[in-house]
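Chemist: Input: one structure, supplied below.
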Amino acid sequence: MKNKVEEAKKILLGNRKNGYTLPTNNKLYPAQWNWDSAFIALGYSYFNLDFSIIEIETLLNGQWDDGMVPHILFHEKDTSYFPNHTTWQCGKNIPSSGITQPPVLASILRKIVEKNKLNNDQNSRITKVIKKIKNYHDWFIKFRDPNKTGLVSILHPWESGYDNSPIWDQPMSNIKVDKDLNYKRRDLEVSNSDERPLKTDYDRYVTLRDQFRDVQYDPHKLYEISDFNVVDVGFNALFLRANKDLLTLAKNLDLNFDDLNNFVSKTENQILKLYDDNINDFVSKDLKTNLNIVVPSITNYFTLFANLENDQLNKKIINNLKNHNINDNYYFSTIKPNHPSFEEKRYWRGPIWINCNWLIYQGLIKKEPEYANEIKKKTLELIEEKGFHEYYSYKDGSVMGANNFSWSAALYLDLVLEN
Ligand code: DGY
């Protein structure tokens, strides 16, 4: 198969704007996205460390005073995206959305720092970045876990990054859509409607967004008034790993972030409790209704990335993972194909996403290297065969969503060049 390293670099550079990089070049996402940017920074670190650091610095330039790092930064007054800056009406230095996204930045930064020799200037810039990330994590702990449980909530499906995942079906079904909604989707102008979220999803996304805007995104109030409040396994696993990585980064720079230790051990214990032995699966929690959410989502396997210190549970998780796409040539589908909520093409309800494969691969390298390498090989083959797309069908690898997708390119670079 043809090695696509040069093509991957070209995609990143082609999507690069002034200090940040678009998720793709087809107008579907004309701004800077939080977790996209983190993955993108890792890609740059293989051929332009400066671009990598700038990507992260630009993202953190949009950080709010309270510590929140928005899920979208609208650097340009482009209104071809919905919802754009005119409808969010917020942002500190940069117009932004008023919610966040999976905090993978610390974990990515640790990878970048560990495999690169930094000069003095880069070192001091990275130190500033790390302090900002600490504020970001403190914001999560303070405002998204006000009852000090050790687990953080997301208040909008967009915060998960896996927007229309069936994990949210039950909590979203309780949201009463505002009758006077008046908005125009733009995503369907550039992508197929059967590969995107439904109108009912968007109605609820916008209803929630309007609720948040009404309280001016005050983080205390948001937690109180949001009709959506979910403790998700995958999201908490990412945050746990990010906190562990942030502690490692801090230690190497003689920064004292020891107050995080307590939260890390609490989260670790609580995630173990989210595994239900009777059903042999993880359970997420809808805090609005106190109902359990059990969906065989690939995002539950981010628990491998979290490096839980429990070999027995890790074994169970790995066994389940091996059954997720049993006999399928292409994997991992976002949802286990035999589940009633599974849809082959619809965004986060079925397709393969490169970042999920990457996170799981990272989580498996030390625990089961052979299997990890098989996943890596499959993922590289998929990209080399089909190209750098946003997502792919688990049935035949056919491509969906946007082309020239930045994180597919960036993570490809990491998988190929990491050693
Ligand atoms: C979109 O526009 O679909 C994004 O996923 C929202 O963040």
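Chemist: Only one of 128, 184, 199 is farther than 25 Å from residue 78 by Cβ and of a type outside the set (Asp, Glu). Can you tell me which?
Modeler: From the options 128, 184, 199, the qualifying one is 128.
Chemist: Which count do you get for residues in the stretch 1-28 that are among the small types (Gly, Ala, Ser) and either in a loop (DSSP other than H, G, I, E, B) or modelled with pLDDT under 95 (or both)?
Modeler: Number of matching residues: 1.
Chemist: Can you tell me which residues in the stretch 35-68 are polar (S, T, N, Q), within 19 Å of residue 239 (Cβ to Cβ) and open to solvent by less than 10 Å² (accessible area, probe 1.4 Å)?
Modeler: 37
Chemist: May I pose another question? Across the stretch 90-107, what is the total count of residues that are over 19 Å from residue 223 (Cα atoms), part of a loop (DSSP other than H, G, I, E, B) and in contact with a Phe, Trp or Tyr (Cβ under 9 Å, 6 or more places away or on another chain)?
Modeler: Looking only at that region, the number is 3.
Chemist: Looking at (1) open to solvent by less than 50 Å² (accessible area, probe 1.4 Å); (2) farther than 23 Å from residue 366 by Cα; (3) hydrophobic (A, V, I, L, M, F, W, C), which is the only condition residue 318 fails?
Modeler: (2)
Chemist: Restricting attention to the stretch 208-224, and to residues there that are of a type in the set (Phe, Trp, Tyr) and in a helix (DSSP H, G or I), which single residue is farthest from residue 98 (Cα to Cα)?
Modeler: Result: 223.
Chemist: Another question about this same structure. Report, by residue number, each residue of the stretch 247-274 that is under 15 Å from residue 133 (Cα atoms), part of a loop (DSSP other than H, G, I, E, B) and of a type outside the set (A, V, I, L, M).
Modeler: 256, 257, 258
Chemist: Checking residue 86 against (1) open to solvent by 10 Å² or more (accessible area, probe 1.4 Å); (2) on the phi > 0 side of the Ramachandran plot, which single condition isn't satisfied?
Modeler: For residue 86, the exception is condition (2).
Chemist: Taking into account only those residues within the stretch 193-226 that are within 14 Å of the ligand (Cβ to nearest atom) and without any contact (Cβ under 8 Å) to a residue 24 or more places away in the chain, which is least open to solvent (accessible area, probe 1.4 Å)?
Modeler: Per the stated criteria, the residue is 202.
Chemist: Still on this structure, I have one more. So if I check each of 285, 251, 266, 244, which one is in contact with a Gly (Cβ under 6 Å, 6 or more places away or on another chain) and open to solvent by 20 Å² or more (accessible area, probe 1.4 Å)?
Modeler: 266 is the lone residue from the list that is in contact with a Gly (Cβ under 6 Å, 6 or more places away or on another chain) and open to solvent by 20 Å² or more (accessible area, probe 1.4 Å).
Chemist: Another question, then. Could you please let me know if residue 105 is closer than 28 Å to residue 306 by Cβ and surrounded by 17 or more Cβ atoms within 10 Å (Cβ to Cβ)?
Modeler: yes
Chemist: Taking the stretch 167-190 as the region of interest, how many residues are within 16 Å of the ligand (Cβ to nearest atom), in a helix (DSSP H, G or I) and out of contact with any Leu (no Cβ under 7 Å at 6 or more places or on another chain)?
Modeler: Counting residues in the stretch 167-190 that are within 16 Å of the ligand (Cβ to nearest atom), in a helix (DSSP H, G or I) and out of contact with any Leu (no Cβ under 7 Å at 6 or more places or on another chain) gives 5.
The values are calculated or read from the model by the stated rules, or taken from the named source; none is laboratory data. The shown structure was predicted, so the numbers you read here are calculated from the model rather than taken from an experiment. Virtual Cβ from ideal backbone geometry, glycine too; neighbours counted across all protein chains shown. Only protein heavy atoms, including side chains, enter the accessible area calculation; ligands, DNA and RNA are left aside. Shrake-Rupley method; radii C 1.70, N 1.55, O 1.52, S 1.80 Å.
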